[in-house]
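Colleague: Dropping a structure here in structure tokens format, bear with me for questions.
The values are calculated or read from the model by the stated rules, or taken from the named source; none is laboratory data. Just so you know, these numbers come straight off a predicted model, no measurement behind them. Positions of Cβ are backbone-derived with ideal geometry, glycine not excepted, and every protein chain shown enters the neighbour counts.
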Amino acid sequence: MKGKAVVTGAAGFIGSHLCERLLDEGFEVLAVDAFTDYYSPERKRRHIAACAGRPGFTLAEENLATCDVARLIDGARCVFHLAAQAGVRKSWGKEFARYIESNILSTQRLLEALRENPSIPLIHSSSSSVYGETRMLPMREDHPTVPLSPYGATKLAGEHLCELYRLNYGITYRALRYFTVYGPRQRPDMAFSRFINASFAGKAIDVYGDGRQTRDFTYVADAVDANMRALRYEGPMTVFNIGGGSRAALLDVLDVLGRELGGRLEVRFVDRAKGDVTDTWADTSRARDALGFKPRVSLEEGIRNEIAWYREYMKSSEGGGLSS
């Protein structure tokens with residue numbers, strides 16, 4: 001074994017794929033997850049099931065906001081922090097308290113534990129949401145960060161906390177700003193999941209806004225590869241854009257989905273949600289030059305893989321449902 005890797009949010013979309021990659025590379029993995037009810041905890045358990053029983057894998061059902069974090073990271077070689085309350089649209093109003101707990105308080109408690117072990121590198125998952133609405137495209141790491149949603153504000157706060165603990169206690173961290181990650185096990189509230197689910201159910205696909213908004217779509221295996229490269233990086237830079245190089249408008253994505261699903265999709269346009277930005281586009285030159293990061297999966301191939309996974313998931317899921 002290459003040592004103990006702690007993965008928070010391990011049963012989630014990206015986290016479960018990362019756990020598999022770490023095991024494949026010979027790490028001992030302590031997978032930490034609170035199994036919150038943002039979406040079905042049973043669905044998350046199925047995500048992580050492929051790791052159960054593999055040598056070196058341990059699952060800890062813990063909430064970072066309340067548990068003994070120092071105990072979890074004891075003896076760790078590295079920590080990958082993916083645990084977070086996700087979702088732009090739900091981060092308004094009374095739900096904001098959950099974002100504070102999961103994205104700010106939990107990160108601060110993890111950093112407090114790491115201040116006693118500053119040699120343990122932290123790979124922190126951030127988001128392109130920190131940039132907010134901007135006409136400065138493509139987005140670079142040194143561009144202004146003015147989030148347009150409470151979710152984005154909490155992710156930026158997490159980055160600021162990492163930097164504070166680096167300056168004051170010497171911790172080592174890398175913050176990865178993901179741009180719209182998709183692929184097998186994608187969260188059910190995310191666009192591709194909703195589109196595929198609606199198509200399988202024979203329902204209209206709801207598109208927020210006019211569909212002309214663009215996103216830089218990033219396949220999950222490429223996001224996982226970025227984590228592994230960030231772990232090996234020993235240079236001075238701390239923040240990296242992680243984009244898939246597959247920028248497209250949602251209308252173009254629907255065309256690809258229609259071809260892969262074998263039929264015309266019924267689309268229904270609804271009001272654009274507060275906090276949704278118009279465009280994202282990652283300048284990944286820093287990640288390319290410093291980490292050797294290069295996305296390898298095209299949008300068409302990635303969508304094809306996600307549809308195939310959903311077909312298998314639907315066959316094996318209880319009642320054949322995909323909504324939770």
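Colleague: Could you tell me which residue of region 259-268 is farthest from PHE200 (Cα to Cα), considering only residues that are exposed (fewer than 13 other Cβ atoms within 10 Å of the Cβ) and either touching a strand residue (DSSP E or B) at 6+ places or on another chain (Cβ under 7 Å) or acidic (Asp, Glu) (or both)?
Modeller: Here the answer is ARG268.
Per-residue answers, yes or no, for (1) of a type in the set (A, V, I, L, M); (2) modelled with pLDDT under 95; (3) out of contact with any helix residue (DSSP H, G or I) (no Cβ under 9 Å at 6 or more places or on another chain); (4) at positive phi:
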site	(1), (2), (3), (4)
GLY3	no, no, yes, yes
GLY12	no, no, no, no
LEU18	yes, no, no, no
LEU22	yes, no, no, no
ARG43	no, yes, no, no
GLY53	no, yes, yes, yes
LEU64	yes, no, no, no
ASP68	no, no, no, no
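Colleague: Scan region 277-297 residue by residue and report those that are touching a residue at least 60 places away in the same chain (Cβ under 8 Å), under 19 Å from the mean Cα position of the chain (by Cα) and not in a helix (DSSP H, G or I).
Modeller: VAL277, ASP279, THR280, TRP281, ALA282, ASP283, PHE293, PRO295, ARG296, VAL297
Colleague: So, one more: Against the condition more than 29 Å from GLY26 (Cα to Cα), buried (at least 16 other Cβ atoms within 10 Å of the Cβ) and of a type outside the set (S, T, N, Q), how does ALA86 come out, does it pass?
Modeller: So ALA86 passes the test.
Colleague: Have a look at CYS67, CYS78, CYS51 and point out the one that is assigned to a strand (DSSP E or B) and surrounded by 15 or more Cβ atoms within 10 Å (Cβ to Cβ).
Modeller: None of the other options fit; the residue is CYS78.
Colleague: Now for a separate question. Applying the selection to region 182-222, what residues are farther than 19 Å from SER128 by Cα and either part of a strand (DSSP E or B) or of a type in the set (Lys, Arg) (or both)?
Modeller: Scanning region 182-222 gives ARG185, ARG194, LYS203, ILE205, ASP206, VAL207.
Colleague: Residue under question is ARG259, and the condition is that it be of a type in the set (Lys, Arg), in a helix (DSSP H, G or I) and at pLDDT below 95; does it hold?
Modeller: Considered against the rule, which asks whether it is of a type in the set (Lys, Arg), in a helix (DSSP H, G or I) and at pLDDT below 95, ARG259 comes out as yes.
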